[in-house]
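The values are calculated or read from the model by the stated rules, or taken from the named source; none is laboratory data. Keep in mind that this is a model prediction, so the values were computed, not measured. All Cβ positions, even for glycine, are placed from backbone atoms using ideal geometry, and neighbour counts span all protein chains on display. These accessible areas exclude ligands, DNA and RNA; they are computed on the full protein's heavy atoms, side chains included. Shrake-Rupley method; radii C 1.70, N 1.55, O 1.52, S 1.80 Å.
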Amino acid sequence: MAGGPLEGVTVVDMTAVVVGPLATQTLADYGADVIKIEPPGGDIARTLSGRAVTPNMSSKFLHLNRNKRSLVLDLKKPGAYPALARLLERADIMLWNVRPSAMARLKLGYDDVRAINPRIIYCGLFGFGQDGRYREKPAYDSIIQGGAGIAALHHRATGEPRYVPIVMADRTVGLIAVQMLLMALYQRERTGEGAAIEVPMFENMAKFVLEEHMYLKTFDPPLGPTGDPRLLDPEARPIPTRDGWICISANTNPQAFALFDAIGRPELKDDPRFNSVAARFKNVKDYLAIRSAGLKTRTTAEWIEIFDRNDVPAMPYHTLDSLLDDPHLADAGFFQWIEHPTEGRVRQMRLPNKLSTGARSDFLPAPKVGQHSVEVLREVGYSDAEIDALIAAGATLDGRLEKAR
């Protein structure tokens, strides 16, 4: 290991796709030794993003699995469970993201794992909390977006229910899992006790949506409907300019008044509909309509110059392609090219957050399936003859790069 605040923390990662791998990659980026347990076919995310340079190495997988080591264990085959148990004896964290009933069938419930290692922090990410009727339902990001009201926000704003076209529930809940794990690690440092953590996607995303949009039904009796009108108005979107779009948010009085001056409507500063934050909230539909109409008169670059000068929050509207060329990201060295041992030159993103004590200083490219099986099994005490027997039984897979060559 090469530094970082989590150096010395060992994570047994039994997750796949996005929610769990994002959580464990965050831990790995800051120094944890993450051992990714994969079936012989590998994490399904290896094939979810279409074309790749070599099989089973999709772009999505590359961006979610750096700094990890891959160990294949087929838990249906003899010898695989004892090998996993040896890893768990030494681990600080075990993370998984299937239904709890599946873990129980594998004899990997919390009581089973705690019997192997009482200090372990055992974290499950799954679709639905175990106290409700949905507890056995399978879930993917789109299921949670639809069920937790995210698609309904688009419906309220535009008239059509749509998922946000990014797996935002997976990514949000993955980061919540990191928070829970770090709190449990801190508690263990003080008490010496391990912990079991449950992180359900549905409840977490319902909380996120309703913190914004329970709105006037927060009160009893309700003071009005659900839904923050500032966010659900059809004009709460990137705004057309003379040559493109701009993103602007003028909320305080100085910001709104600078906007009125810029669009040639200074009289609105004294208009009782718009002369205060409360007034603009009450008349948000009219305020947003005036804003949209006024911004059509100049180019995006002209507006950015005006709003920057007057400290009004504004940004050019980026496409996915133009974001890759953003000058601020270039200044920050955000994108980095690395040489992957099998995928060639690959664009990566550096860690956006800085810690004065540093993060991990080495870099492990996302692994091939079973690339580290032999290495990890040796570390937990298996002889080469025992490893060969596990390979022959199909319990593990030797995916070392030098063997592939």
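Taking the listed residues PRO272, PRO254, PRO222, the one that is loosely packed, with under 13 Cβ neighbours inside 10 Å and part of a helix (DSSP H, G or I) is PRO254, with no other qualifying. A count restricted to the stretch 312-358 and to residues that are touching a residue at least 12 places away in the same chain (Cβ under 8 Å), assigned to a loop (DSSP other than H, G, I, E, B), small (Gly, Ala, Ser) and over 28 Å from GLU302 (Cα atoms) stands at 1.
Picking from residues in the stretch 17-44 that are surrounded by fewer than 21 Cβ atoms within 10 Å (Cβ to Cβ) and among the aliphatic types (A, V, I, L, M), the one that is farthest from PRO352 (Cα to Cα) is ILE44. Summed over the stretch 42-57, residues that are without any contact (Cβ under 8 Å) to a residue 24 or more places away in the chain and either of a type outside the set (Gly, Ala, Ser) or under 15 Å from LEU22 (Cβ atoms) (or both) total 4. With respect to ASP111, is the statement that it is part of a helix (DSSP H, G or I), open to solvent by 30 Å² or more (accessible area, probe 1.4 Å), under 26 Å from GLY194 (Cβ atoms) and not small (Gly, Ala, Ser) true? It is true that ASP111 is part of a helix (DSSP H, G or I), open to solvent by 30 Å² or more (accessible area, probe 1.4 Å), under 26 Å from GLY194 (Cβ atoms) and not small (Gly, Ala, Ser). One residue stands out in the stretch 45-68 among those that are among the basic types (Lys, Arg) and out of contact with any helix residue (DSSP H, G or I) (no Cβ under 6 Å at 6 or more places or on another chain): the one that is most open to solvent (accessible area, probe 1.4 Å), namely ARG51. Within the stretch 359-384, the residues that satisfy the criterion of being at pLDDT 90 or above, under 24 Å from GLY3 (Cβ atoms) and not in a helix (DSSP H, G or I) are LEU364, PRO365, ALA366, PRO367, GLN371, HIS372, VAL380.
One residue stands out in the stretch 149-171 among those that are open to solvent by less than 80 Å² (accessible area, probe 1.4 Å), assigned to a loop (DSSP other than H, G, I, E, B) and free of Cβ contacts under 8 Å to residues at least 40 places away in the same chain: the one that is nearest to VAL98 (Cα to Cα), namely VAL164.
When the stretch 326-359 is filtered for residues that are charged (D, E, K, R) and open to solvent by less than 30 Å² (accessible area, probe 1.4 Å), the ones remaining, listed by number, are ASP326, GLU343. Does ALA104 meet the test of being open to solvent by 10 Å² or more (accessible area, probe 1.4 Å), modelled with pLDDT of 95 or more and not in a loop (DSSP other than H, G, I, E, B)? It is true that ALA104 is open to solvent by 10 Å² or more (accessible area, probe 1.4 Å), modelled with pLDDT of 95 or more and not in a loop (DSSP other than H, G, I, E, B).
ARG190 satisfies every condition listed in (1) open to solvent by 80 Å² or more (accessible area, probe 1.4 Å); (2) part of a loop (DSSP other than H, G, I, E, B); (3) free of Cβ contacts under 8 Å to residues at least 24 places away in the same chain; (4) not β-branched (Val, Ile, Thr) except (2).
With respect to being of a type in the set (A, V, I, L, M, F, W, C) and either in a loop (DSSP other than H, G, I, E, B) or closer than 19 Å to ILE306 by Cβ (or both), PHE281 falls outside the description. Only a single item in (1) modelled with pLDDT of 95 or more; (2) within 25 Å of ALA236 (Cα to Cα) is not met by ARG188, and it is number (2).
When the residues of the stretch 284-314 are filtered to those that are among the acidic types (Asp, Glu) and open to solvent by 80 Å² or more (accessible area, probe 1.4 Å), the one that is nearest to PHE257 (Cα to Cα) is ASP311. Just checking, how many residues over the stretch 385-405 are part of a helix (DSSP H, G or I), surrounded by 11 or more Cβ atoms within 10 Å (Cβ to Cβ) and not hydrophobic (A, V, I, L, M, F, W, C)? The total comes to 2.
When ARG298 is tested against (1) touching a Ser or Thr at 6+ places or on another chain (Cβ under 8 Å); (2) without any contact (Cβ under 8 Å) to a residue 24 or more places away in the chain, exactly one condition is not met: (2).
Report yes if LEU88 is surrounded by 18 or more Cβ atoms within 10 Å (Cβ to Cβ) and either of a type outside the set (Lys, Arg) or in contact with a Cys (Cβ under 6 Å, 6 or more places away or on another chain) (or both), otherwise no. Considered against the rule, which asks whether it is surrounded by 18 or more Cβ atoms within 10 Å (Cβ to Cβ) and either of a type outside the set (Lys, Arg) or in contact with a Cys (Cβ under 6 Å, 6 or more places away or on another chain) (or both), LEU88 comes out as yes. Candidates are the residues of the stretch 360-380 that are open to solvent by 50 Å² or more (accessible area, probe 1.4 Å) and in contact (Cβ under 8 Å) with a residue 12 or more places away in the chain; the one that is farthest from the chain's Cα centre (by Cα) is GLU375. Evaluation of ILE37 against the conditions (1) out of contact with any Phe, Trp or Tyr (no Cβ under 6 Å at 6 or more places or on another chain); (2) closer than 26 Å to GLU203 by Cβ shows that the sole unmet condition is (2).
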